[in-house]
1. Against the conditions (1) farther than 30 Å from residue A:94 by Cβ; (2) without any contact (Cβ under 8 Å) to a residue 60 or more places away in the chain; (3) of a type in the set (Gly, Ala, Ser); (4) away from chain B (no Cβ under 14 Å), where does residue A:274 fall short? Just the number, please.
2. Looking only at the range A:91-112, how many residues end up being touching a Ser or Thr at 6+ places or on another chain (Cβ under 7 Å) and either of a type in the set (Val, Ile, Thr) or surrounded by 23 or more Cβ atoms within 10 Å (Cβ to Cβ) (or both)?
3. Looking at this structure, is residue A:446 surrounded by fewer than 24 Cβ atoms within 10 Å (Cβ to Cβ), under 20 Å from residue A:350 (Cβ atoms), more than 13 Å from chain B (Cβ to nearest Cβ) and touching a residue at least 24 places away in the same chain (Cβ under 8 Å)?
4. What number of residues in the range B:103-120 are facing another protein chain (nearest Cβ under 9 Å) and surrounded by fewer than 24 Cβ atoms within 10 Å (Cβ to Cβ)?
5. Do we find a residue being touching a strand residue (DSSP E or B) at 6+ places or on another chain (Cβ under 7 Å), modelled with pLDDT of 95 or more and closer than 28 Å to residue A:448 by Cα anywhere in the range A:172-179?
6. Here are A:398, A:387: which of them is at pLDDT 95 or above and within 14 Å of chain B (Cβ to nearest Cβ)?
7. May I ask you to verify whether residue B:161 is in contact (Cβ under 8 Å) with a residue 40 or more places away in the chain and of a type outside the set (Lys, Arg)?
8. Name, by its number, the condition in (1) free of Cβ contacts under 8 Å to residues at least 60 places away in the same chain; (2) polar (S, T, N, Q); (3) more than 8 Å from chain A (Cβ to nearest Cβ) that does not hold for residue B:138.
Amino acid sequence: MKTASLFSALVLLIAAPAAAQSDDLLPDLDPGAVGAQDVEEVAVEGDDDGPLRGTVTDDSAWQDLGIAIASFATNRDQSTPANAQGTAALGLELARVVYSDLRFNGLFRPVGPDALPRPSYPQITDPAWNTWRGRSAEMLVHGYVRANDDGRLTVGCYLYDVALQSELVREGWVVNPSEWRRAAHKCADLVYSRLSGEDPFFDSRIAYIAETGPKDNRIKRLAIMDSDGANHRFITNGQSTALTPRYSPDYSKIAYLSYVDGNPRIYVYDIGSGRQTLVTQSANPTFAPRWSPDGRYILYSMAVGGNTDIYRVSAAGGGTPQRLTTGPAIEVGGSYSPDGSQIVFESDQSGAQQCYIMNSDGSNQRRISFFGGRCASPEWSPRGDQIAFTHIVGDFHIAVMNPQGRNVRTLTNGWQDEGPTWAPNGRIIQFFRTERNSGDTSIWQVDLTGDNERRLRTPVGASDPAWGPVLP
Amino acid sequence: MNRLIIAVTLSSALALGACKKEPPTVTPDAPQDTVRSTPTPTPTPMATAPQPGSQSHFAGAMAGADTIYFDTDRYNVDSEDQAALRRQAQYLLQYTDARATVEGHADERGTRDYNLALGERRANAAKNYLVSLGVPESRLRTVSYGEERPAAMASNEQAWARNRRAVTVMIER
């Protein structure tokens with residue numbers, strides 16, 4: 001009896017990766033464009049005067065800044081693999097991406113390149129101050145794009161204080177033509193960081209689940225996109241349900257749940273090779289994958305005889321998984337503190353879902369949520385100062401608390417908002433919202449004030465967002 | 001009208017089989033000829049009846065007892081569930097070649113990871129009860145679908161009650 005079940009489990013394990021390979025993963029995926037490529041930082045044009053240093057500390061003050069983002073100029077208009085129209089047209093697109101980043105995130109009061117005069121190439125380092133002063137622009141973003149002989153692009157980005165007529169910061173990057181948008185995101189990050197004092201976050205990617213079809217036959221596919229929704233790709237074809245993806249911190253892998261062999265199991269998909277492997281060689285169902293901040297470990301939840309506990313395994317493969325929780329209740333999920341020393345997770349040992357913290361070796365487990373309602377799917381902020389969670393109080397809301405479980409603030413009030421994931425800088429939270437009856441899902445984001453909430457544009461329904469760190 | 005008469009005159013096993021979501025593995029002969037030849041139903045030939053151990057045969061024999069239901073966030077087997085599981089166990093003990101999967105489900109009013117764990121708990125609660133009644137564990141497997149495969153589509157208490165369930169289905173050979 002035991003031999004038979006063991007044998008069938010082994011067959012499943014052997015068959016699973018091969019089946020996943022051929023049946024479910026899209027063959028046309030271009031791994032090169034998905035994997036992070038180096039963006040080389042370069043010195044940019046201009047004199048060698050150091051940037052003017054100032055400090056902006058008041059949140060509300062910088063949110064109201066008017067910023068003019070003019071079309072990026074080029075030294076010589078020539079076509080590149082990035083676009084057919086040439087570097088002049090690409091310069092306009094670059095500025096549009098910077099503008100969209102700032103505008104759609106409710107940051108500053110940006111004015112885009114389509115409403116502004118186009119500066120010439122020499123004016124990038126020597127702005128026409130009189131032009132900009134008359135446009136109520138307090139800040140000015142200039143930039144250029146140049147096609148290099150080796151086929152790559154050099155993009156420069158400059159931030160000026162119009163009233164002071166002085167440069168605040170500048171940076172430049174050499175990128176492959178296929179990654180031109182990353183240069184624009186880096187420019188938006190430069191502007192945002194310099195003016196807000198916060199860490200950057202635009203140059204990052206999101207893994208999520210794309211949903212189509214009716215509620216009783218929903219097709220769920222693993223998909224990825226840039227932080228602004230561009231460069232969208234499906235990774236699985238939808239033949240089997242995919243759930244809960246998580247990017248590895250270096251973006252080389254995605255851990256996610258798939259029913260490809262008929263059972264819920266976590267696979268680790270290697271973006272470079274297109275291959276995927278089971279997170280652990282076990283016949284038991286595994287779900288809720290999470291990476292440690294250094295990428296060395298994967299947390300997963302595994303049900304044995306119906307009892308779910310949290311385990312930790314080396315991400316490199318091999319090694320014996322370590323069981324971190326042992327109780328008869330459901331212990332599930334888990335999110336590391338930024339320094340990797342602690343894990344916040346959820347358990348129903350009190351009779352309902354509540355949030356708990358333990359050391360990363362499983363010791364010193366203690367409940368932190370003692371407020372009304374239930375605490376589910378906790379996610380530790382990359383800054384360490386907050387934990388986002390799904391607050392179940394009849395309806396499902398996104399809320400944050402400090403790591404002591406205090407200072408709870410509710411950020412959203414949909415019918416069912418769940419599954420928070422943090423922007424790399426810990427200032428914005430994405431989550432997904434389910435509509436009553438239809439079950440339609442969409443990804444939303446909200447800032448920590450709760451004031452700026454918006455829906456992300458995705459090609460189809462979207463759930464289970466997982467925001468990766470700033471690209472390496 | 002004609003179809004209605006046919007359905008009524010068919011054997012009960014066939015009629016039940018026709019109601020199920022899963023199509024029978026063995027398609028019954030077209031019933032028109034039978035009805036036209038004689039107004040009284042002839043016994044259905046054995047070859048066209050659902051095979052014991054098939055999903056359609058099991059579902060027909062269970063008449064609804066293939067599914068048990070749970071309260072919110074609960075996974076205990078109550079007396080009503082026990083009656084249904086006893087019926088399932090009788091079937092599995094009668095047809096000793098039959099193997100089954102117990103599918104655990106949760107309603108949509110839960111978070112995704114927790115619902116997967118909850119579905120696993122429910123499937124195992126049903127499976128453990130079947131094993132306690134003498135069904136060999138080797139003939140039973142479990143799978144949790146969490147909230148991914150609802151049976152009722154609405155977002156209200158009645159629909160959620162129908163979706164918090166464990167369903168036993170035959171593994172077809």
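1. Only one criterion in (1) farther than 30 Å from residue A:94 by Cβ; (2) without any contact (Cβ under 8 Å) to a residue 60 or more places away in the chain; (3) of a type in the set (Gly, Ala, Ser); (4) away from chain B (no Cβ under 14 Å) is unmet by residue A:274, namely (2).
2. 2
3. No; evaluated as a whole, the condition is false for this residue.
4. 2
5. So far as the range A:172-179 goes, no, none of its residues is touching a strand residue (DSSP E or B) at 6+ places or on another chain (Cβ under 7 Å), modelled with pLDDT of 95 or more and closer than 28 Å to residue A:448 by Cα.
6. Just a single option satisfies the conditions, and that option is A:398.
7. Spelling it out, residue B:161 is indeed in contact (Cβ under 8 Å) with a residue 40 or more places away in the chain and of a type outside the set (Lys, Arg).
8. Against the list (1) free of Cβ contacts under 8 Å to residues at least 60 places away in the same chain; (2) polar (S, T, N, Q); (3) more than 8 Å from chain A (Cβ to nearest Cβ), residue B:138 comes up short only on (3).
The values are calculated or read from the model by the stated rules, or taken from the named source; none is laboratory data. The structure presented is a predicted model; accordingly, all values stated were derived computationally and were not measured. Don't worry about glycine lacking a Cβ; one is built from the backbone with ideal geometry, like all the others, and counts go over all protein chains shown.
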